[in-house]
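None of the figures in this text is laboratory data; all of them are computed from the coordinates on show. Everything numeric in this text was worked out from a predicted model, so none of it was measured. For neighbour counting, all protein chains shown are included, and Cβ atoms are generated from backbone atoms with ideal geometry for every residue, glycine included.
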């Protein structure tokens, strides 16, 4: 059983797997593998969850090949777990009931850029950095940045977001359409390329965030944005966490259209200073970014400076210098490494609650109390404009059982607290195995409606079973 | 059969209806009616579709009462058609298989404003103007404006949008959560109040736009926005339609964050001049609105002026004067009346395709050719930033059959054209009865997936049957 007790592990009959592998070998040749290192590589993600490899890994290069794998598996009731870059965060890749890991990382072509329509269609294995590299000369960019260089298919499947969702939205708002292979091997397109539609049920949004449990994403059409004429960044420290969050709330109400609003607590700032050899004040700190025209970002930064001063923010300094800006955001992106550096060798259990922003201070402060009481060190970073924050809980291999016991307890209390505040157990990482047990408390009877949909669209329960929705 | 041949009309047994009405009378007393004028009033919408009244109208005042109606109907296999303000546009209210019209217009309380979180929860009968009136002193507003003073429940159910979707999004982007009574009378909440979530399937987006075919909306939580510090408006005429649309495309790529970008063709401008006693040039014209800071709207307007000039826009004039601005938008909102005034007594068949904006000019020009060939007058208005436009096709009662023949043909060609351009048959009005026949062409096999969902969530087919998805 996985560490968090989500679901008992089972395996299909070896003979059925052997038969399946033999059938698929005719098409895939050496692109199908049962070698343990390959299977283990494809079961690993960014989480602390136990490694549970699939029975075989298949490397698909086209929608037709995905259909072939799905049909071969459906015929035999064998699970399929899609794989992009292995950067998911809740044990999404574990083959809890064995089966095939379907690697789409070689489906990595940018298929069509429509500059006038500001959209792009890509295969699911394209990563976000690859996409932005490709777009470089078009004046357009894809803003969603979850930190890791995740695949677009994976980001769509987990409804990912990251540091600039407050301005540009999450994958929920930015996927225009998907091509999906359903559990019985049909190929559907969830929507057309029009920006708006009132035609039929919103299948795009149903599949976005469904974590491979309803079908396999084989194409993604995304909204793009014009690269801003000017970008400026700012750092500002506050005496109190409350001051920092209140400044953000006020700025949003004032309509200052910030692109990034990141909160780092005193513990995280201390860790950052040590890891990146910096000398920021060890205080609750906001990292900010402004996008717009030259005059616009200047105005935004100045106004935000005034707001911050009102809420006890000191040393507000902003810059449009690209090098300084890159340094700042590199430090922010190093937060996870800085966290691990506090106790080298650890895996991170990153909590992921998201609450209405009016409850954020209370939620963070109560959690910090739990952390102190447990006698551990756990930095906090937050996408504070969205009410989403992560506590970096460290799990060391040498003390795994004890660490898990302590950290799971903190996370559980945190999730309960967030749900009581009308929040969610996961703002951007997804459910995977790790959050399944909280869904009933969060969704109540709506969870049964989700289960009805899962059963209707995947009656054999072969699409990434054991994740998100328990059958 | 309705005029567009969508579905044959049928009626439940009279004795079953009588039994149902008697049961409901115990709770609803004189809030249930079988009087023909009441039934007819509740079957009427803003469309040309035939009036098909329900067997009875029930006025519900609470979620519990909605549950009671749904359970009483489910027990007897009787259809339920929800009613808000009767401003839908595709025959959504027609009781094609008889049953109960469930009027929620008296469920019109604003339940909770969370100013810090910039959200509000309302009952479904609250109208958008009522909501903004209520919010007036909070500094916040709800931006979505479909023209009519529609109910929030109805707007959610049709995935409505309107003139400022280009900046603020549609109901798809602005509904945070719904309370829904399912076809078997369960009460679910589709999401919590957190701004982001990766927890479970996106039921909110599934129910938004489902037109009462999956359940009855009983509460809606909406995002709100800060009232902009400054608003300015502009009007600019172009020699060609292409110039107007190209200017819009360029402005979006430049990142000018306009709040409204409305296109009116020469025919519509002529109609407006006559109806509202104005003297605009009879040319393709953009009506624009800018929201932001004082300096921001000035900069936006000036930049847009430059862009328009580059694309042949003449006489660009902008104003921050509230009175002038109101006059401008009143004229825009009068477009439908101005259209009807061309031939008094007519109903309007408003087409509603939405295409990728790169194809918009071609789509409009080919449609204008069809209109000319048919020898009719039909003005065009468009939410050009989204690629969505409406042709006002006039149906006169005296020549209904002939008008329908001509207009349906134009609409059919237009929808085919839009779909061929990777667009949709309906950008914001919804499917109702009028667009059912186009869904197969638009969605292909995805329509079967929608049907699977409909059957799973409404196995008796009692939720607004005959609309959107044919069973």
Handout entry: Percentage of interatomic Cα-Cα distances in segment B:52-114 larger than 18 Å
Key = 39 percent
Fill in the blank from the handout: Relative to chain B, whose Cα atoms define the longest principal axis, helix B:266-276 and its Cα axis are tilted in degrees, nearest 10, by 80 degrees
Handout entry: Ellipsoid semi-axes in whole angstrom, largest first, where each is sqrt(5λ) of the Cα gyration tensor of chain A
Key = 37, 27, 20
Practice task
Rounded to the nearest Å, what's the spacing between the alpha carbon centres of segment A:351-395 and segment A:150-184? Just the number, please.
Solution key: 25 Å
Exercise for the section: Against the globular-protein guess of 2.2 N^0.38 Å, express the Cα radius of gyration of segment B:150-219 as a ratio, rounded to two decimals. Expected result: 1.09
Completion exercise
Dividing the mean separation of Cα pairs under 8 Å (6+ apart) by the residue count of segment A:341-429 yields a relative contact order in percent of 45 percent
Exercise for the section: May I ask for the angle, rounded to the nearest 10°, between helix B:14-28 and the longest principal axis of chain B, with both axes built from Cα atoms and the value confined to 0 to 90°? Expected result: 80 degrees
Handout entry: Calculated over segment B:312-471: convex hull of Cα atoms, volume per residue (Å³)
Key = 168 Å³
Problem - Percent RCO, i.e. relative contact order, over chain A, from Cα pairs under 8 Å lying at least 6 residues apart - result: 16 percent
Handout entry: Fewest-first sequence of B:92, B:97 by Cβ atoms within 10 Å of each Cβ
Key = B:97, B:92
Completion exercise
With segment B:230-336 reduced to its Cα atoms and the Debye formula applied, log10 I(q)/I(0) at q = 0.17, 0.23 1/Å amounts to -0.73, -1.28
Completion exercise
Fraction of alpha-carbon pairs in segment B:94-138 farther than 18 Å apart, rounded to whole percent, equals 40 percent
Completion exercise
From fewest to most C-beta neighbours within 10 Å, the residues B:270, A:119, A:294 line up as A:294, B:270, A:119
Handout entry: Peptide-level mean, for A:184-190, of C-beta atoms on other protein chains within 10 Å
Key = 4
Problem - Estimated 222 nm signal from helices in chain B, with DSSP H stretches of n ≥ 4 weighted -39500 (n - 2.57), rounded to 500 - result: -11000 deg cm²/dmol
Exercise for the section: Could you give the C-alpha radius of gyration of segment A:1-69 expressed as a fraction of 2.2 N^0.38 Å, taking N as the number of residues it contains? Expected result: 1.25
Practice task
Pairs of Cα atoms under 8 Å, at least six residues apart: use those to get the relative contact order of segment A:230-337, whole percent.
Solution key: 44 percent
Problem - Mean shadow area of the protein assembly as shown over all directions, Cα convex hull, nm² - result: 37.2 nm²
Fill in the blank from the handout: Across A:290-296, the residue-averaged tally of Cβ atoms belonging to other chains within 10 Å stands at 4
Exercise for the section: Return the Cα extents of segment B:110-226 along principal axes one, two and three, sorted largest first, each rounded to a whole Å. Expected result: 39, 29, 26
Completion exercise
Taking max minus min of the Cα coordinates of segment A:341-429 on each principal axis, largest first, gives extents in Å of 39, 20, 18
Problem - DSSP-defined beta bridges in chain B - what % are antiparallel, rounded to 5 - result: 85 percent
Fill in the blank from the handout: Ordered by fewest other Cβ atoms within 10 Å, a rough proxy for footprinting exposure, A:352, A:458, B:184 read B:184, A:458, A:352
Completion exercise
For chain B, longest principal axis from Cα atoms; helix B:322-333 axis from its Cα atoms; angle between them, nearest 10 degrees, is 60 degrees
Handout entry: Test item: A:168-174 mean partner chain Cβ contacts at 10 Å
Key = 3
Handout entry: Where the Cα pairs of segment A:298-403 fall when distances are cut into 10 Å bins, in %
Key = 12, 32, 36, 16, 4, 0
